[in-house]
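Have a look at the structure below before the remarks.
The values are calculated or read from the model by the stated rules, or taken from the named source; none is laboratory data. All values reported here derive from a predicted model rather than from experimental measurement. Cβ: placed from backbone, ideal geometry, glycine included. Neighbour counts: every protein chain shown. Calculation scope for accessible area: heavy atoms of the full protein, side chains included, ligands and nucleic acids excluded. Shrake-Rupley method; radii C 1.70, N 1.55, O 1.52, S 1.80 Å.
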Amino acid sequence: MTSQAEVYDPRKILDHPDFRILKEGEKPDANANLAVFYNANKEIHLVQKPRLNPGPGQVLVHVRATGICGSDVHFWKHGCIGESMVCGSGHESAGEVVEVGEGVNEWKVGDRVAIEAGVPCLQASCDHCRTGRYNGCPDVVFFSTPPFHGTLTRWHVHPAQWLHRLPENVSFEEGALCEPLAVVLAGIERSGLRLGDPVLICGAGPIGLVSLLAARAAGAEPIVITDLVQSRLDFAKTLVPGVRTVLIDPKKSPKEQAAIIREKAGQLVDLVLECTGFEGSIQTGIYATKFGGKVFIIGVGKNEMNFPFMHLSANEIDLAFQYRYCNQYPKAVRLVAGGLINLKPLVTHRFSLEDAVSAFHTAADPRLGSIKVQILD
Ligand SMILES: NC(=O)c1ccc[n+]([C@@H]2O[C@H](COP(=O)([O-])OP(=O)(O)OC[C@H]3O[C@@H](n4cnc5c(N)ncnc54)[C@H](O)[C@@H]3O)[C@@H](O)[C@H]2O)c1
Ligand SMILES: OC[C@H](O)C(O)[C@@H](O)CO
Ligand SMILES: [Zn+2]
Ligand SMILES: [Zn+2]
């Protein structure tokens with residue numbers, strides 16, 4: 001049997017005679033299959049790669065919108081790949097079907113789709129796939145996680161069953177934002193959030209802000225959101241006017257921060273959606289949680305952290321974690337199409353594919369104040 005890794009062997013593109021890295025300022029060929037690749041020297045380039053034909057069960061998508069995720073910036077800045085390797089970015093994408101491979105009946109040219117970037121093995125021998133928790137599949141091909149190239153490209157070949165139909169009233173930009181929404185919905189589902197729960201959201205980056213929208217749609221009240229940056233809290237207020245904000249002062253201890261949050265919320269919270277991955281923020285969340293509550297950690301951070309063990313124990317506080325998502329895209333699309341979650345304001349900066357390298361510099365520079373940077377084609 002052909003393995004996932006063989007089907008999506010990243011060398012296929014790198015070894016292809018039509019693959020080349022464009023020099024700075026060089027004009028790409030008209031309609032070229034542009035993409036953004038970075039290397040272990042932290043260089044980032046526009047590349048031209050071949051436009052491949054979809055194989056059996058695959059679909060060729062013209063990618064019309066891709067958001068830049070923090071992890072795309074992280075892989076560019078921190079490598080994680082072999083020295084001579086170059087890798088392509090992007091996993092928040094939506095587009096239009098332009099060609100279908102043999103045996104594909106569910107899609108036709110012109111269909112509008114969101115691309116689910118993680119393609120699990122779906123083998124009966126894989127416990128995670130068989131039991132529906134496919135985000136744990138050890139053989140997943142997650143486009144944009146090295147060594148697999150990303151979906152930030154003009155023509156992307158994708159397995160037909162990992163595309164999700166976008167209704168007419170959902171734009172490509174919103175379709176691309178269904179990826180971070182899927183992350184958040186997976187967290188909200190597993191956190192057990194109930195109508196009327198007081199909730200704390202730590203961090204007002206894209207994940208925290210999408211959590212805010214989703215927690216509001218799910219009926220959380222009150223909602224407190226924290227950040228170190230006032231402009232992000234101001235942005236949160238424009239998204240959900242009723243949200244209560246707490247500007248975190250790094251000089252204060254987690255216990256002191258939690259006391260401020262408790263005052264803002266009028267009580268300790270039932271649930272924390274932690275969206276920073278920083279130790280201090282997680283500790284703050286723990287101290288802000290009531291007896292029997294839950295700290296649900298979506299943020300990712302360093303390998304080892306200290307948590308206040310006895311406080312967790314004596315207060316029966318559950319700690320839980322989210323790794324990507326499974327079975328969330330259909331729900332994400334429904335919530336956006338139905339008007340329960342409005343993702344549109346999150347896109348603050350837009351770039352053409354030809355100018356995608358500038359998009360990365362914008363996303364990576366906090367002084368420019370972007371929330372979500374997207375590349376449109
Ligand atoms: N679990 C998953 O599958 C998954 C998927 C996507 C993203 N993530 C992670 O979620 C986290 C958030 O992603 P993002 O794109 O919103 O990142 P981001 O960096 O844009 O946002 C994080 C926000 O947290 C704020 N912050 C930092 N330290 C803080 C503190 N001590 N207290 C309060 N706020 C603080 C920052 O100012 C920033 O606004 C990241 O760790 C990311 O890697 C996890
Ligand atoms: O949105 C999905 C996340 O960015 C990925 O899991 C990332 O953390 C790298 O694999
Ligand atoms: Zn991501
Ligand atoms: Zn599997």
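Translational diffusion coefficient of the chain (Stokes-Einstein, Kirkwood radius from Cα pairs, 20 °C, 1.002 mPa s): 100 µm²/s.
For residue 304 and residue 365, the FRET efficiency from 1/(1 + (r/R0)^6), where r spans their Cβ atoms and R0 equals 35 Å, is about 0.75. For the chain, with all protein chains present and a 1.4 Å probe, just round the carbon and sulfur fraction of the accessible area to a whole percent. The value for the chain is 53 percent carbon and sulfur by accessible area. Can you tell me the 0 to 90 degree angle between the C-alpha axis of helix 172-191 and the longest principal axis of the chain, rounded to 10? So the inclination is approximately 40 degrees.
Per-residue counts of other Cβ atoms within 10 Å, averaged by peptide: what ranking do you get for 215-226, 249-260, highest first?
Result, highest mean Cβ count within 10 Å first: 215-226, 249-260.
Apply the a/c threshold of 1.5 to the C-alpha gyration tensor of the range 169-238 and tell me whether it is rounded, prolate or oblate. Don't skip to the end; give the middle numbers.
Values: a/c = 1.82, a/b = 1.10, b/c = 1.65.
The shape class here is oblate.
Using the Cβ atoms and a cut-off under 12 Å, what net charge is assigned to the surroundings of residue 34, where Lys and Arg are +1 and Asp and Glu are -1?
Details: positive: 20, 27, 49, 51, 154; negative: 26, 29, 354, 355, 377.
Computed value for this residue: 0.
The local environment of residue 250, defined by Cβ-Cβ distances under 13 Å, has a net charge of -2 under the rule Lys, Arg +1 and Asp, Glu -1. In this structure the chain gives 45 Å² per residue of accessible area when probed at 1.4 Å with all protein chains present.
How far, in degrees from 0 to 90, does helix 254-265 lean away from the longest principal axis of the Cα atoms of the chain, to the nearest 10? Taking the Cα atoms of the chain, the angle to 254-265 is about 80 degrees.
In the neighborhood of residue 202, defined by Cβ-to-Cβ distances under 11 Å, what is the net charge if each Lys or Arg adds +1 and each Asp or Glu adds -1? Walk me through the intermediate numbers first.
Working: positive: none; negative: 227, 274.
Local net charge: -2.
Could you size up the charge dipole of the chain around its Cα centre, putting +1 on the beta carbon of Lys and Arg and -1 on that of Asp and Glu, and report it in debye to the nearest 20?
Working: 37 positive and 41 negative charges, 158 e Å.
The dipole of the chain has a size of about 760 debye.
Taking every DSSP helix (H) stretch of at least 4 residues in the chain, weighting each as -39,500 (n - 2.57) and dividing the sum by the residue count yields a mean residue ellipticity at 222 nm of -8000 deg cm²/dmol.
What is the gain in length, in nm to one decimal, between residue 267 and residue 41 on full extension, counting 0.36 nm per residue of separation less the C-alpha to C-alpha distance?
Working: separation 226, 0.36 × 226 = 81.36 nm, distance 4.89 nm.
Extra length available between residue 267 and residue 41 comes to 76.5 nm.
The GluC sites (Glu not before Pro) of the range 274-377 that meet both conditions, a loop assignment by DSSP and at most 13 other Cβ atoms within 10 Å of the site Cβ, are 304, 316.
Any chance you could give the angle, 0 to 90 degrees and rounded to 10, that helix 206-217 forms with the longest Cα principal axis of the chain? Here the helix axis deviates by roughly 60 degrees. How much of the pair distance distribution for the range 90-227 lies past 27 Å, counting alpha-carbon pairs only, in percent? Roughly 32 percent, once rounded to a whole number.
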